[in-house]
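Below is one structure, written out as structure tokens, with a few remarks after it.
Each value in this text was obtained by applying a stated rule to the coordinates, not by laboratory testing. Treat the numbers as computed from the prediction; the structure is a model and nothing was measured. Methodologically, a virtual Cβ is constructed for each residue, glycine included, from the backbone with ideal geometry; neighbour enumeration extends over all protein chains shown.
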């Protein structure tokens with residue numbers, strides 16, 4: 001019988017009411033394979049149905065939160081869930097996954113140290129709350145070649161900030177990201193875990209039913225402004241003629257090489 005693949009997400013309950021998910025591929029800078037995304041999303045869904053859990057935290061093992069999607073693997077094979085081939089399939093696929101976090105009953109927190117790049121920064125946007133180290137780094141280098149797959153910047157951030165991320169290609173440190181609204185707050189690196197746990201513990205003192213309606217209030221306002229539709233349409237634009245001069249393979253090669 002074939003052995004089960006080694007888990008790429010560690011799951012623990014560090015304090016009552018709080019479930020913590022650690023992206024555990026430090027040797028790959030927590031690059032997100034299809035297996036990792038499956039484990040993460042299924043784990044979050046299980047936490048959503050667990051009466052003992054009020055809030056979840058996502059963090060990365062090793063030196064960073066996540067370097068993005070695992071471009072060294074076949075991301076088109078064995079995807080965690082079915083997605084229509086309409087538009088740009090990969091962008092539509094990850095958008096469906098990340099927006100499913102918005103639809104969870106309970107809030108999800110991103111805890112960022114080191115860097116959150118490309119798809120890693122997209123995961124940060126999928127979380128309801130985000131906190132980072134003062135020296136953390138936030139960027140989306142893929143914007144030099146294409147649109148982000150889950151492009152939450154225009155819907156969640158002031159236009160000038162979104163322009164700096166997508167047009168100027170700016171990297172924000174943690175303190176800058178907090179001021180810009182990319183994350184909620186930034187803390188000293190050696191205090192980050194303790195501060196995030198304290199926030200999660202405070203959240204856990206509120207009933208899940210009350211947390212759910214307050215979370216839904218914010219997402220309802222976002223979606224009333226077209227948030228989900230805008231993100232999905234922007235992903236589909238990647239299949240348009242504006243990228244006709246650069247094929248998908250060339251884009252992928254450039255992203256892998258960092259050129």
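Tabulated results
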{"item": "C-alpha long axis of helix 248-257 to longest principal axis of the chain, angle in °", "result": "60"}
{"item": "Acute angle (nearest 10 degrees) that the helix 208-224 long axis makes with the longest principal axis of the chain, alpha-carbon atoms", "result": "30"}
{"item": "Taking region 9-257 and dividing mean pair separation by its residue count, relative contact order in percent (alpha carbons under 8 Å, at least six apart)", "result": "20"}
{"item": "Extended-chain gain in nm, criterion 0.36 nm per residue less alpha-carbon gap, residue 237 and residue 135", "result": "33.4 nm"}
{"item": "Cα gyration tensor, the chain - rounded (a/c under 1.5), prolate or oblate", "result": "rounded"}
{"item": "Residues in region 77-106 reached by a label modelled at residue 212 [backbone nitrogen below 15 Å; 7 Å Cα→Cβ]", "result": "102-106"}
{"item": "Relative packing of peptides 204-217, 223-236, 127-140, 26-39 - highest average C-beta neighbours within 10 Å first", "result": "127-140, 26-39, 223-236, 204-217"}
{"item": "R0 of 30 Å, Cβ-Cβ distance residue 201-residue 103: FRET efficiency to nearest 0.05", "result": "0.80"}
{"item": "Nearest-ten-degree value, helix 89-102 long axis tilted from longest Cα axis of the chain", "result": "20"}
{"item": "Stretch gain in nm, segment residue 230-residue 51, where the contour uses 0.36 nm per residue and the Cα spacing is subtracted", "result": "61.1 nm"}
{"item": "Protection proxy ranking, peptides 179-192, 105-118, 55-68, average beta carbon neighbours within 10 Å, highest first", "result": "105-118, 55-68, 179-192"}
{"item": "Cα-based shape type of region 80-192, given that a ≥ b ≥ c are square roots of the gyration tensor eigenvalues and the cut on a/c is 1.5", "result": "oblate"}
{"item": "Antiparallel DSSP beta bridges within region 9-257, percent to nearest 5", "result": "25"}
